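The values are calculated or read from the model by the stated rules, or taken from the named source; none is laboratory data. Fair warning: this is a prediction, and the values are worked out from it, not measured in the lab. Don't worry about glycine lacking a Cβ; one is built from the backbone with ideal geometry, like all the others, and counts go over all protein chains shown.
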Amino acid sequence: MGRPHALAIPFPAQGHVIPLMELSHCLAEHGFKITFVNTDFIHERVMKALPDDSKNKNQIHLVSIPDGMGPEEDRNQLGKLFECVSRTMPSYLEELIDEVNESGKDKITCIIADETMGWAVKVAKKMGIPQAAFWSASACLRALTVHIPELIEAGVIDANGITRKQEIIQLSSTLPVMNTTQLPWHCFDDPMLQQTVFHNSFTNNQAVKDADWLLCNSFYEIEPSAYPLNPNLLPIGPLLAGSRQRQLVGNFWEEDSTCLNWLNQQPACSVIYVSFGSFTVFEETQFHELALGLELTGHRFLWVVRPDLSAEQAATYPDGFQARVADRGRIVSWAPQQKVLAHPSIACFMTHCGWNSTMEGLSMGVPFLCWPYFADQFLNQSYISDVWKVGLRLNSDDNGIISREEVKNKVEEVLGHEKIRERALTLKEMADKSVSEGGFFQEEFKRFH
Ligand code: UDP
């Protein structure tokens, strides 16, 4: 018999490609051959972002298939993307699997599909290949989507996921409370998109509920009461290949690793790391307020400003800002985030609370400042500040703006908060234990592979 050969297929978004790539690296280290299937569009971006000297050194076999959208179409239009992907990709995937299996090399023995690509689990079932669904968010969020029928029946949401009144709900007494107007699908302004995201959650749940494995990038200790609500869900996190691999192949932007040299020159525990993931967009007023807030703190900072972070064409900074902070502020367009968070000079992490960023900050023991933007980020904020107590929320003023004074005050508060620092280190120890021999990650991971 040949080597086990897994085909991994992520949803085409940065926060989905990275953790599935990390899982793929873990499996490759355990003897698996991996074929990693991006869409053509994402594959091109990933290859472009990869430094030349890493292009041929990858242990993962990278391939791609079309996503069904035209070359110029906007992939940030999620409704369109969902529709095109689920309409056109199943047949391309089937063709690809046939091609690999008929090539005379190792046949595909397992498919690992992002849960958002529930159709891929169906393709695998149809072809008689064992399947794993991979959930890239918290177990608590999955519990919420699994319980959609009960929420409808209780009148909390209607059949389209819409809530008419603001209500606080809690799935169990040790899980974070959720505001019904901030449920993940509620955050989209476009009602059609809201419904697409809502119905997709439900359809994908159905599609993957009989998958052979259901995996998630979390670990048991941080959300124990979510598992009884999620039959069969196997927590195999924290997945942190990016902190040890020389190069994680999956970034959509080229990493600026020179910031690591800059961090080497900063005192221990002195730098605020500011990063809002791959989707967050800032209006100019808020962007300026944040810049002036960072200046006002007087602290060193490393700030990720993606080329598309600003709602306007290109980010413009307040007059003279860059010159005034040049000796203590570093701005990059994409950072090697896991390595940055693991660096001893980092004092706290100002984040949009995406699940990957949350897991990364938690695993490195860094206190958080929470600035959620959309989707599950409000729920993750609640975990961070109310349940785990490893960070603070940034609050907006009456005009919906997080002011420069709020930025300064919360930075001061989190840096001086001994209890938060202690808790952050305790959770880091739990994460370390989970990935060490005999720990939860190792045990659950063995059960999977
Ligand atoms: N990330 C990175 N460099 C950056 C900013 C983000 O490598 O400068 C990575 C980060 O480590 C995480 C992912 O991008 O793995 C973002 O995922 P997350 O779930 O936090 O947010 P999303 O982008 O999905 O909103």
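No other residue among Phe287, Phe276, Phe349 is touching a His at 6+ places or on another chain (Cβ under 9 Å) and under 30 Å from Leu78 (Cα atoms) apart from Phe276. State whether the residues of the stretch 259-268 include one that is within 13 Å of the ligand (Cβ to nearest atom), in contact (Cβ under 8 Å) with a residue 60 or more places away in the chain and either out of contact with any His (no Cβ under 8 Å at 6 or more places or on another chain) or of a type in the set (Gly, Ala, Ser) (or both). Yes, the stretch 259-268 contains at least one residue that is within 13 Å of the ligand (Cβ to nearest atom), in contact (Cβ under 8 Å) with a residue 60 or more places away in the chain and either out of contact with any His (no Cβ under 8 Å at 6 or more places or on another chain) or of a type in the set (Gly, Ala, Ser) (or both). Are any residues in the stretch 111-146 within 17 Å of Phe32 (Cβ to Cβ) and either crowded, with 21+ Cβ neighbours inside 10 Å or of a type in the set (Asp, Glu) (or both), and if so, which ones? Ile111, Ile112, Ala113, Ala124, Gln131, Ala132, Phe134 - these are the residues of the stretch 111-146 that are within 17 Å of Phe32 (Cβ to Cβ) and either crowded, with 21+ Cβ neighbours inside 10 Å or of a type in the set (Asp, Glu) (or both). Evaluation of Ala211 against the conditions (1) surrounded by 19 or more Cβ atoms within 10 Å (Cβ to Cβ); (2) within 16 Å of the ligand (Cβ to nearest atom); (3) aliphatic (A, V, I, L, M) shows that the sole unmet condition is (2). Considered as a group, the residues in the stretch 374-404 that are closer than 18 Å to Tyr273 by Cα and not polar (S, T, N, Q) include one that is nearest to the ligand (Cβ to nearest atom), and that residue is Ile384.
Being among the charged types (D, E, K, R), within 16 Å of the ligand (Cβ to nearest atom) and not assigned by the TED database to the domain that holds Thr145 is a condition met by at least one residue of the stretch 285-308.
Yes or no, residue by residue, for (1) farther than 14 Å from Ala347 by Cα; (2) more than 12 Å from the ligand (Cβ to nearest atom); (3) hydroxyl-bearing (Ser, Thr, Tyr):
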| site | (1), (2), (3) |
| --- | --- |
| Asp256 | yes, no, no |
| Val271 | no, yes, no |
| Ser278 | yes, no, yes |
| Phe282 | yes, yes, no |
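For the residues Cys370, Cys353, the requirement of being within 16 Å of the ligand (Cβ to nearest atom), modelled with pLDDT of 95 or more, touching a Lys or Arg at 6+ places or on another chain (Cβ under 6 Å) and under 27 Å from Val197 (Cβ atoms) singles out Cys370. All conditions in (1) over 13 Å from Gly277 (Cα atoms); (2) surrounded by fewer than 16 Cβ atoms within 10 Å (Cβ to Cβ); (3) within 16 Å of the ligand (Cβ to nearest atom) hold for Ser333, with the sole exception of (1). Would you confirm whether any residue within the stretch 318-330 is assigned to a loop (DSSP other than H, G, I, E, B), buried (at least 19 other Cβ atoms within 10 Å of the Cβ) and more than 16 Å from the ligand (Cβ to nearest atom)? Yes, some residue in the stretch 318-330 is assigned to a loop (DSSP other than H, G, I, E, B), buried (at least 19 other Cβ atoms within 10 Å of the Cβ) and more than 16 Å from the ligand (Cβ to nearest atom). For residues that are closer than 13 Å to Ile108 by Cβ and among the polar types (S, T, N, Q), tally how many sit in the stretch 125-143. Number satisfying all stated conditions: 1. Exactly one residue out of Thr285, Thr297, Thr280 is polar (S, T, N, Q), buried (at least 18 other Cβ atoms within 10 Å of the Cβ) and farther than 30 Å from Asp52 by Cα: that is Thr297.
Assess whether Pro90 counts as being at pLDDT 95 or above, in contact with an Asp or Glu (Cβ under 7 Å, 6 or more places away or on another chain), farther than 30 Å from Phe219 by Cβ and surrounded by fewer than 19 Cβ atoms within 10 Å (Cβ to Cβ). Against the criterion (at pLDDT 95 or above, in contact with an Asp or Glu (Cβ under 7 Å, 6 or more places away or on another chain), farther than 30 Å from Phe219 by Cβ and surrounded by fewer than 19 Cβ atoms within 10 Å (Cβ to Cβ)), Pro90 does not qualify.
Residue-by-condition table, conditions (1) charged (D, E, K, R); (2) more than 23 Å from the chain's Cα centre (by Cα):
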{"residue": "Gly2", "(1), (2)": "no, yes"}
{"residue": "His25", "(1), (2)": "no, no"}
{"residue": "Leu78", "(1), (2)": "no, no"}
{"residue": "Glu83", "(1), (2)": "yes, no"}
{"residue": "Lys107", "(1), (2)": "yes, yes"}
